[in-house]
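Okay, structure first, notes after.
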Amino acid sequence: MKCKKQFKKFDQINVIPFIDIMLVLLVMVLTTATFIKQGVIPVNLPEAKATEKEDTKKEVTVYVNAKSEIFFDKEKVNLKELQQKLSAVSKDQTVVLRSDKESKFQDFVNVMDILKKLGHEQLYIVTKE
């Protein structure tokens, strides 16, 4: 007696493998975009001659190193100079604060005081996870 093979009729398409592939692609895109934003991946940008440069930067960076030295966009400044430079920065611009973990907490507080006094609310404090 021969066995008949019965074929099941699929009522639905199995989408689980498709979702798995899409999640992997999403992770790859987000990881690559993060590396490009941070400058880890070297990218040679094309040059254009007919562009207008914006005078305002989107963010300014304040660094505090372990020796209690303060830098405003890689230029060494003291607290008074920092206050003058930050007062010239628009309140809409983001201020990024990068403080060394070995720096004194008082230096961090001094910079935060200046930012609060000048009314800068767009602030990022950079840390490691």
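The values are calculated or read from the model by the stated rules, or taken from the named source; none is laboratory data. Note that this is a predicted model, so its numbers are computed, not measured. Positions of Cβ are backbone-derived with ideal geometry, glycine not excepted, and every protein chain shown enters the neighbour counts.
The listed residues are Lys85, Lys80, Lys76, and the only one of them that is surrounded by 14 or more Cβ atoms within 10 Å (Cβ to Cβ), out of contact with any helix residue (DSSP H, G or I) (no Cβ under 9 Å at 6 or more places or on another chain) and among the basic types (Lys, Arg) turns out to be Lys85. Just checking, does segment 10-32 include any residue being in a loop (DSSP other than H, G, I, E, B) and at pLDDT 90 or above? Within segment 10-32, none of the residues are in a loop (DSSP other than H, G, I, E, B) and at pLDDT 90 or above. The set of residues in segment 88-115 being assigned to a helix (DSSP H, G or I), more than 22 Å from the chain's Cα centre (by Cα) and surrounded by 11 or more Cβ atoms within 10 Å (Cβ to Cβ) consists of Asp107, Asn110, Asp113, Ile114. In segment 63-87, which residue that is in a strand (DSSP E or B) and of a type in the set (A, V, I, L, M) is farthest from Leu123 (Cα to Cα)? That would be Val77.
Answer yes or no: is there a residue in segment 34-57 that is assigned to a helix (DSSP H, G or I), at pLDDT 70 or above and farther than 30 Å from Lys91 by Cβ. Yes, there is a match, as at least one residue in segment 34-57 is assigned to a helix (DSSP H, G or I), at pLDDT 70 or above and farther than 30 Å from Lys91 by Cβ.
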